[in-house]
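Everything on this sheet refers to the single structure shown next.
What follows draws every value from the coordinates through simple rules; no lab data is involved. Just so we're clear, the structure is a prediction, and the values are computed from it rather than from any experiment. Here the Cβ is made from the backbone with ideal geometry for all residues, glycine too, and neighbour counts use every protein chain on show.
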Ligand SMILES: Nc1ncnc2c1ncn2[C@@H]1O[C@H](COP(=O)(O)OP(=O)(O)O)[C@@H](O)[C@H]1O
Ligand SMILES: [Mg+2]
């Protein structure tokens, strides 16, 4: 079943230019799609068009085969949760626990279940100790963890992360990624992840590149992320490790493309052993 589908969707903030241009994209239930693209390419706008935070000027959006309209917007928002990049702009309460409770409360989750959901969500993002803390006292990364906990507690069938781990260090990003992958296993959640971190994109089933409001390319992450000429067209860089492996190859060491630091080490060791 299709979880999310954009059909010929266009949107402009002003009349003179379109931020999203005739996008066709369909995401299967349970699929994990990474969305890449330089700043201003329309990624956040596309995310906001998925659940009525913005309305398409042209074209249609379908969520689990229902056409998104102003009539079913509320119902569809239960199915599509978005975590944004800036945690301050999405906080709705001053205490961590209340902030996480807001989403589930709004959709009528009973008290007893709520407690359990909040406990689990806080534990998942390793923020149990901050349950009663003031959000304003937390670091950017901690706020992002709370925002992720909020969507975990809400348990929408589609989770969209819009550069939601930008303030975390690599280890923190890895932890959040693990949480997302786990809830995908457990609940069959569909994930759309807007990111410029290659290590996140590599874990996706499919990568989509946006450029000037359009879907410019899509495919397996490893296919998309190894085509330097194509990436350059969209002002994206090769993953550092791929670049290094190519330099080593040019220098005479027989290594294959490596997409992670681990793979790079493996390739180098193999090259020296053979
Ligand atoms: N609130 C807004 N008002 C006017 N223009 C906007 C607004 N938000 C984004 N834009 C413009 O729309 C285009 C796409 O932006 P956005 O979707 O935020 O791209 P991305 O998330 O890929 O960086 C850009 O040209 C940006 O300047
Ligand atoms: Mg954006």
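What to note about this one:
- 222 nm mean residue ellipticity, helices alone, for the chain (DSSP H n ≥ 4; -39,500 (n - 2.57); rounded to 500): -12000 deg cm²/dmol
- The DSSP beta bridges internal to region 2-236 are antiparallel in roughly 55% of cases.
- Cα-based helix-to-principal-axis angle, 261-273 vs the chain, degrees rounded to 10: 20 degrees
- Using a Gaussian network model of the chain in which every pair of alpha carbons under 10 angstrom is joined by a spring, one finds that among 144, 85, 70 the greatest mean-square fluctuation is at 70.
- Comparing 77, 115, 145 in a Gaussian network model of the chain, where Cα atoms under 10 Å apart are tied by springs, the biggest mean-square fluctuation is seen for 115.
- Highest mean packing first, where packing is the average number of other Cβ atoms within 10 Å per residue, the peptides 211-224, 43-56 line up as 43-56, 211-224.
- Cα long-axis angle, helix 96-106 against the chain (0 to 90 degrees, to the nearest 10): 70 degrees
- Gyration tensor verdict on the chain (Cα atoms; rounded if a/c is under 1.5, prolate if a/b is larger than b/c, oblate otherwise): oblate
- Sorted on the mean count of surrounding Cβ atoms within 10 Å across their residues, most packed first, peptides 98-109, 127-138 read 98-109, 127-138.
- Rounded tilt (10° steps) of 240-250 against the dominant C-alpha axis of the chain: 10 degrees
- The chain - percent relative contact order, Cα under 8 Å, separation 6 or more: 22 percent
- Between region 199-274 and region 1-36, the alpha-carbon center distance in angstrom: 25 Å
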